[in-house]
Amino acid sequence: MSVVHQLSAGWLLDHLSFVNKINYQLHQHHEPCCSKKEFTTSVHFESLQMDSVSSSGACAAFIASDSSTKPENDDGGNYEMFTQKFVFRPELFDVTKPYITPAVHKECQQSNEKEDLMNGVEKEISISIIGKKRKRCVVFNQGELDAMEYHTKIRELILDGSLQLIQEGLKSGFLYPLFEKQDKGSKPITLPLDTCNLSELCEMAKHLPSLNEMEHQTLQLVEEDTSVTEQDLFLRVVENNSSFTKVITLMGQKYLLPPKSSFLLSDISCMQPLLNYRKTFDVIVIDPPWQNKSVKRSNRYSYLSPLQIKQIPIPKLAAPNCLLVTWVTNRQKHLRFIKEELYPSWSVEVVAEWHWVKITNSGEFVFPLDSPHKKPYEGLILGRVQEKTALPLRNADVNVLPIPDHKLIVSVPCTLHSHKPPLAEVLKDYIKPDGEYLELFARNLQPGWTSWGNEVLKFQHVDYFIALESGS
């Protein structure tokens, strides 16, 4: 269970536990002389050179294969069966210290924790002015003023609710004082190189020849060998309907596909295969790449304009009474856009606003709560699709609870950029069981979910996992 504690204020989540409860097991056949540590069971997509796509539409071919289908080797001998298990790298959740811990701010926070936000902000400003020469005044723009007003409204909710959940986590031992488990010999985290740029592959796929709409069928990864073309990965939803993990090798990089998961790797201009999937979804989670100043400066990933986000075909993807959940930054411009423009354009009614609060392993906020720059929380806007016609509901006889407002999701964040906590278990009381679930702009896969995005396999890269000892 990813839910460690549940109180009236919300949930304390264990993101790492959620990932590792997924059955990341590979079933492999090896000859007796083969090494147990080398996993070979895979669906192998041969690499396609970026310059190999021509105007005539020629492209490389690849083979979807599974060595587990071969009962015998070439000499007539039997293969041995081994199971290789993978777990997510735990050091990617080692957040032992807050990201920003200014001594002056910490002292102010401890002595004024329950004071009015504006007073706290004024004190921070006055302190920063003393320490910087030639800075005589601070002028806030309208966006900053709106953000401070919003923070004032939710500050006590964030503080009180988080403290309740953190105290439960400390009592149970899930959270711990820093000195108790501090590893002085810990090494810096080395992340895998982005040698396979998924977003660039999506751009490349636009130059591949299109198939007729009737040919846009789902690609199912099955046991027997199947020959397909490289473009199928981009023009079809890929499904792993087996009970075990499969591996695909794309441009020389290996990715783990969890059981009962499906995905479409494409950008927003190539969503038609998702519409051709002939499914509507009871839950849709969206994590749009919002435009902000840091994104513009870093060029770390592309962002979408509000107009582009509005063009996402939610009305065609949503089932009747679909629950829509949109992740949003703390910019009031984006919050207003969702509530006043985006959701109304999709015939979605806002029903609740939740908050994801990010903490360290010892229960501290990752940023000072009253920091004028970055806050330790992000928002989720929940809404229900309002149907214009009376369509039959799936599982209409199943009752679900009304969605409460201002719930907190408290968790230790992954150190990987934009790896959001799972929502499946916190939403289960508010959605019908055995529904269809979709995540848009996803960067990882989940069993029982369809995932779409131009980086949808990013956090499935095998280097983010540890291979445990295999056994027969």
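Remarks
- In the range 1-26, of all residues being in contact with a strand residue (DSSP E or B) (Cβ under 6 Å, 6 or more places away or on another chain) and open to solvent by 40 Å² or more (accessible area, probe 1.4 Å), the one that is modelled with the highest pLDDT corresponds to VAL4.
- Residue, modelled with the lowest pLDDT, within the range 123-174, restricted to residues that are in a loop (DSSP other than H, G, I, E, B), among the hydrophobic types (A, V, I, L, M, F, W, C) and exposed (fewer than 15 other Cβ atoms within 10 Å of the Cβ): CYS137
- Every residue from the range 357-389 that is small (Gly, Ala, Ser), over 19 Å from the mean Cα position of the chain (by Cα) and surrounded by fewer than 21 Cβ atoms within 10 Å (Cβ to Cβ): SER371
- Among residues that are in a loop (DSSP other than H, G, I, E, B) and among the hydrophobic types (A, V, I, L, M, F, W, C), LEU416 is included.
- Residues in the range 252-268 that are assigned to a loop (DSSP other than H, G, I, E, B) and not basic (Lys, Arg) were compared, and the one that is modelled with the lowest pLDDT is GLY252.
- Identity of the residue in the range 452-472, open to solvent by 10 Å² or more (accessible area, probe 1.4 Å) and assigned to a helix (DSSP H, G or I), that ends up nearest to HIS27 (Cα to Cα): VAL462
- Looking across the range 421-451, the residues that are part of a loop (DSSP other than H, G, I, E, B) and open to solvent by 20 Å² or more (accessible area, probe 1.4 Å) come down to ILE431, LYS432, PRO433, ASP434, GLU436, PHE441, ARG443, ASN444, PRO447, GLY448.
- Checklist (1) modelled with pLDDT under 70; (2) among the acidic types (Asp, Glu); (3) within 21 Å of the chain's Cα centre (by Cα) applied to GLU239, failing item: (1)
The values are calculated or read from the model by the stated rules, or taken from the named source; none is laboratory data. Note that this is a predicted model, so its numbers are computed, not measured. When we count neighbours, we look across all protein chains shown, and the Cβ atoms used for this are built from the backbone with ideal geometry, even at glycine. Surface areas here come from the heavy atoms of the whole protein model, side chains and all, with no ligands, DNA or RNA. Shrake-Rupley method; radii C 1.70, N 1.55, O 1.52, S 1.80 Å.
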